[in-house]
Structure formats: structure tokens, C-alpha cells
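Below is one structure, written out as C-alpha cells; comments come after it.
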Amino acid sequence: MKKACILLTRLADLNELDQAFFIAKGYQTQILPLTEISLRKLSANEIAEIKATQWLFFTSQVPVESILKHAQSSVKIAVIGQKTAQAVINAGFTPTFISPKETKEMLLTTWQKAYPKKTRILYPKSQLADNNVEQMLTNYEVQSFIAYDNLFPLRSQKKLEKVLETKKITAVYFTSPSAWRRFIKVYKNYSALPLQFVAIGETTKKAIEKAGYTARLKSDVEKID
């Protein structure tokens with residue numbers, strides 16, 4: 001019987017905790033990032049916004065260091081999870097608010113309950129990010145800008161093709177809808193290979209299900225022998 005092997009699709013240096021989680025559940029793991037990050041140069045206006053804001057929102061650890069280089073020491077910081085919180089700490093700051101669950105929806109709903117008074121918020125995001133932060137925080141003064149580009153390099157597409165051709169993986173773990181969209185772009189040519197799909201949260205799970213596939217949440221993964 002083939003040993004269950006799950007493909008981890010985050011950036012190479014972001015998979016340590018996920019890898020430990022799935023190994024503890026009985027999986028073998030393979031890492032293949034479906035993302036390449038390119039930080040954008042901050043404009044003078046964006047740097048001024050960073051210095052002036054009362055809150056910074058981070059839904060990824062990617063832009064943390066480049067943004068906090070320009071932040072006031074008094075700025076309050078809300079983050080989506082522990083990995084992003086650690087990035088903030090590494091940059092010399094202390095997170096003010098950490099989402100109890102690593103999803104954007106949970107971050108926004110719980111933060112609003114804790115901080116109902118109108119305040120000034122800055123949200124640096126990728127070019128692929130939706131407008132949920134801006135739309136859900138309409139009672140606040142919210143500004144956002146593109147701080148980095150989230151790309152799918154051709155070499156990653158080629159590597160994914162080879163992984164699927166070997167038929168060694170039995171599951172794939174996704175931490176964003178963009179990772180799923182990149183995967184399915186390649187997988188549609190290998191759909192005869194049965195795979196299980198695992199999502200970090202409801203948003204990614206819904207993106208997979210919208211395409212007609214079934215997905216489980218990471219929190220629902222059980223130990224296998």
C-alpha cells in the first residue's frame with residue numbers, strides 16, 4: 001500500500017510547522033512552492049502613510065520587514081496568525097492583536113469586536129489580494145496599497161508537472177485560493193490522478209469546492225497509520 005504523501009505549496013521557508021503537523025498525522029511530505037514573491041519599492045506617499053497610520057494590518061508575513069522599517073514605534077499591529085506575529089517580533093515590534101484562527105475573516109471579525117472605535121488602518125497587500133479588509137472595515141479609516149507581487153514562475157509549473165507525472169503524492173495542501181488556482185491550471189492535464197485536497201481555512205476550501213472538487217480543512221485532518 002502506497003504511503004500517504006502530501007505536497008506542501010507554501011514558500012520554501014514557510015513550511016516547517018505545516019510539515020511537522022502532517023508528519024505527526026502520519027504523512028510523508030514533499031515541498032514545492034507555487035509562489036514567488038517580489039517586493040515592490042515603496043513610494044514616498046506610501047512611506048508617509050506607514051508613518052502616519054495608527055494600525056497596520058498584516059495578512060501575510062511577506063511585507064512585514066519592509067513595512068516596519070518605516071513604522072513609528074507606537075504603531076499598533078494586527079496579524080493573521082503566529083507566523084506573521086513572529087515576523088513582527090523579529091522586526092523589533094510587538095503584535096497588538098493576533099487572530100485566534102489563521103483566516104482573514106476571523107482576523108477582521110474578532111478585531112472589530114475588540115476595537116470598535118474608529119481608527120486609522122493601513123493594509124499592505126499583494127496584487128492578488130481581494131478587498132475584504134476594506135469592505136469589512138467600512139466604519140474605520142482604511143488605506144491599502146500593493147506592497148508585493150505574488151507570482152507563479154514557469155519553473156514551478158514545470159516542477160509541478162514532474163511531480164504529478166511521478167504519481168507519488170496522494171494529497172495537496174493549499175494555504176490560499178491563488179495557490180489552488182495555480183495548481184489546478186496544471187492539474188487539469190493530470191486529473192486522472194486521484195488526490196485529496198486540504199485547505200488552511202474556509203476561504204481556500206470554498207475556492208476548491210467552487211471548481212467542483214472536494215476539500216478538507218487542515219483542522220479536520222486525522223492521524224493515519
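Annotation for segment 36-82 versus segment 112-183: alpha-carbon center distance of 16 Å. Ordering 60, 80, 28 by the projection of their Cα atoms onto the charge dipole of the chain, which places +1 on the Cβ of Lys and Arg and -1 on the Cβ of Asp and Glu, puts 28 at the extreme positive end.
Estimated from helices alone, the mean residue ellipticity of the chain at 222 nm is -10000 deg cm²/dmol (sum of -39500 (n - 2.57) over DSSP H runs with n ≥ 4, per residue). Taking a Cβ cut-off of under 14 Å around residue 110, the surrounding Lys, Arg, Asp and Glu residues balance to a net charge of +1, with basic ones at +1 and acidic ones at -1. Beyond 31 Å, what share of the Cα-Cα pairs of the chain is found? Please give it as a whole percent. Percent of Cα pairs beyond 31 Å in the chain: 26.
The H on the amide N of residue 56, modeled in the peptide plane, is under 5 Å from the matching H of 76, 77, 78, 122, each at least 5 residues off or on a different chain. Measuring nothing but alpha carbons in segment 1-78 and taking Rh as the Kirkwood radius, the Rg to Rh ratio lands at 1.18. Neighbours of residue 95 by Cβ distance under 13 Å: Lys/Arg scored +1, Asp/Glu scored -1, total +2. Computed with a 1.4 Å probe over protein heavy atoms only, the accessible surface of segment 114-225 comes to 55 Å² per residue. All other residues whose Cβ lies under 15 angstrom from that of residue 134 are scored, Lys and Arg at +1 and Asp and Glu at -1, for a net of 0.
Compared with the direct C-alpha span, the chain from residue 11 to residue 134 gains 41.7 nm at full extension, assuming 0.36 nm per residue.
Ranking of 220, 13, 130, 18 by solvent-accessible surface, largest first: 13, 220, 130, 18 (1.4 Å probe, protein heavy atoms only, all chains present).
The values are calculated or read from the model by the stated rules, or taken from the named source; none is laboratory data. These figures come from a predicted structure and were not determined experimentally. Cβ atoms come from the backbone with ideal geometry, glycine included; neighbour counts cover every protein chain shown. These accessible areas exclude ligands, DNA and RNA; they are computed on the full protein's heavy atoms, side chains included. Shrake-Rupley method; radii C 1.70, N 1.55, O 1.52, S 1.80 Å.
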